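Below: the structure, in structure tokens.
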Amino acid sequence: MRAVILDGIVLGLGFGLLGVGLTLVYGLGGVLNLAYGEIAVFAAIVISELMARDTPTVLAACVGMLAAALLSVLLDLTLMRPVYRQTGEHRTLLGLLLTLGVAFVIVGLLNWKYPTGALYIFVGGDPISLAGVPMTTGSIWASLIAIVAAGLLLVFFGLTTFGRGVRSVIQDEVGARLVGISPSLVRTLIFALSGGLAGLVAVTRAMTAPVTVSAGFDLTTFALIVAVVGGLGSVAGAFLAGVILGIVDNVSAHYIGEYITSIVLLGAAGLTILVRPRGLLGR
């Protein structure tokens, strides 16, 4: 049982990274980026191609994350501009349609150009015992990277001036503009951060299992579930929800079967929303 829970925590930390990237964009612009999983896959393919050309893994990972960040910025500066001119449900619906279209374009191009593309990062070393359970080195590194990223994000949004500016835009866009904060600039920078996190998700997941060209839809689905359960706009909520759902996913896969894990996750998400409509840490 301990092994199942620890594996679930490893999976959940990755889920948390997924949810953060999505929840930040929604909190700032009221847009659910349905291309998020495909951006992570795009980063994975970039990293894979660089590694195939003997580029050092760390450098390839950094370039892949940068490529995902630039792709996200391009999305924000082009298709998202007419979305931000809308308000309320019109903004949400138009954002869903446009980002879904972007997702189809990315997956179509990747399937055409790299039909068998996949990223797997082998981390050598003997298994490490954690609470009496042997864990692979890749799982340990993936967890440590996710924990460090979570800590940096919480410090950034809680203690830095720009981080507090982002939170002010999330809470009151008009008020933020009146005190000299540009919501447009903040949204662009957060889109870049979201893309970089998508690339980081690709790296950490590739340390435990291959990230294939067809993985984008599943990544987006998990990100949506985690973001909603954690509370849209809450970084801490996304990581908390990610860990909880990662454990639920792994336990259900182990004792019930992988074929029903998605149903269990959706059921857990639905129950959470019924009890706390704003999510675990949503306001």
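The values are calculated or read from the model by the stated rules, or taken from the named source; none is laboratory data. Everything numeric in this text was worked out from a predicted model, so none of it was measured. Heads up, the Cβs are rebuilt from the backbone with ideal geometry, glycines too, and the neighbour counts pull from every protein chain shown. When the accessible area is computed, the model is the full protein with side chains, heavy atoms only, and any ligands, DNA or RNA have been set aside. Shrake-Rupley method; radii C 1.70, N 1.55, O 1.52, S 1.80 Å.
Looking at Leu274, Leu240, Leu265, Leu280, which is the one that is within 25 Å of Val25 (Cα to Cα), open to solvent by 20 Å² or more (accessible area, probe 1.4 Å) and under 17 Å from the mean Cα position of the chain (by Cα)?
Leu240
Return the pairs, sorted by first residue and then second, in which the second residue is open to solvent by less than 50 Å² (accessible area, probe 1.4 Å) and of a type in the set (S, T, N, Q), the first residue lies in the stretch 237-249 and is within 13 Å of Gly267 (Cα to Cα), the beta carbons are less than 7 Å apart, and the residues are 6+ apart or on different chains.
Pairs that qualify, where the first residue is within 13 Å of Gly267 (Cα to Cα) and the partner is open to solvent by less than 50 Å² (accessible area, probe 1.4 Å) and of a type in the set (S, T, N, Q), are Asp249/Thr261.
If I filter the stretch 89-118 down to residues being open to solvent by less than 100 Å² (accessible area, probe 1.4 Å), hydrophobic (A, V, I, L, M, F, W, C) and in contact with an Asp or Glu (Cβ under 9 Å, 6 or more places away or on another chain), which single residue comes out as farthest from Phe191 (Cα to Cα)?
The residue in question is Leu110.
I'd like the full set of residues that are among the charged types (D, E, K, R) and assigned to a helix (DSSP H, G or I), limited to the stretch 73-90.
Asp76, Arg81, Glu89
When you scan the stretch 125-143, do you find a residue that is surrounded by 15 or more Cβ atoms within 10 Å (Cβ to Cβ), in a loop (DSSP other than H, G, I, E, B) and among the aromatic types (Phe, Trp, Tyr), even just one?
So far as the stretch 125-143 goes, no, none of its residues is surrounded by 15 or more Cβ atoms within 10 Å (Cβ to Cβ), in a loop (DSSP other than H, G, I, E, B) and among the aromatic types (Phe, Trp, Tyr).
Among the residues of the stretch 149-164, is any among the charged types (D, E, K, R) and at pLDDT 80 or above?
Checked the stretch 149-164: no residue is among the charged types (D, E, K, R) and at pLDDT 80 or above.
Among the residues of the stretch 25-41, write down those that are at pLDDT 85 or above, within 25 Å of Ile147 (Cβ to Cβ) and not β-branched (Val, Ile, Thr).
Asn33, Tyr36, Gly37, Ala40
Just one of (1) open to solvent by 10 Å² or more (accessible area, probe 1.4 Å); (2) closer than 23 Å to Thr221 by Cα; (3) assigned to a helix (DSSP H, G or I); (4) at pLDDT 90 or above trips up Leu59, so point out which.
The number of the failed condition is (2).
Go through (1) more than 21 Å from the chain's Cα centre (by Cα); (2) within 28 Å of Gly30 (Cβ to Cβ); (3) not small (Gly, Ala, Ser) one by one and return the number of the condition Leu70 breaks.
(1)
I'd like the full set of residues that are under 13 Å from Ser184 (Cα atoms) and open to solvent by 60 Å² or more (accessible area, probe 1.4 Å), limited to the stretch 66-80.
Once the filter is applied, which keeps residues that are under 13 Å from Ser184 (Cα atoms) and open to solvent by 60 Å² or more (accessible area, probe 1.4 Å), the stretch 66-80 yields Leu77, Thr78.
Within the stretch 1-30, track down each residue that is surrounded by fewer than 24 Cβ atoms within 10 Å (Cβ to Cβ) and either closer than 17 Å to Ile190 by Cα or more than 19 Å from the chain's Cα centre (by Cα) (or both).
Hits for the stretch 1-30 are Met1, Arg2, Ala3, Val4, Ile5, Leu6, Tyr26, Gly27, Leu28, Gly30.
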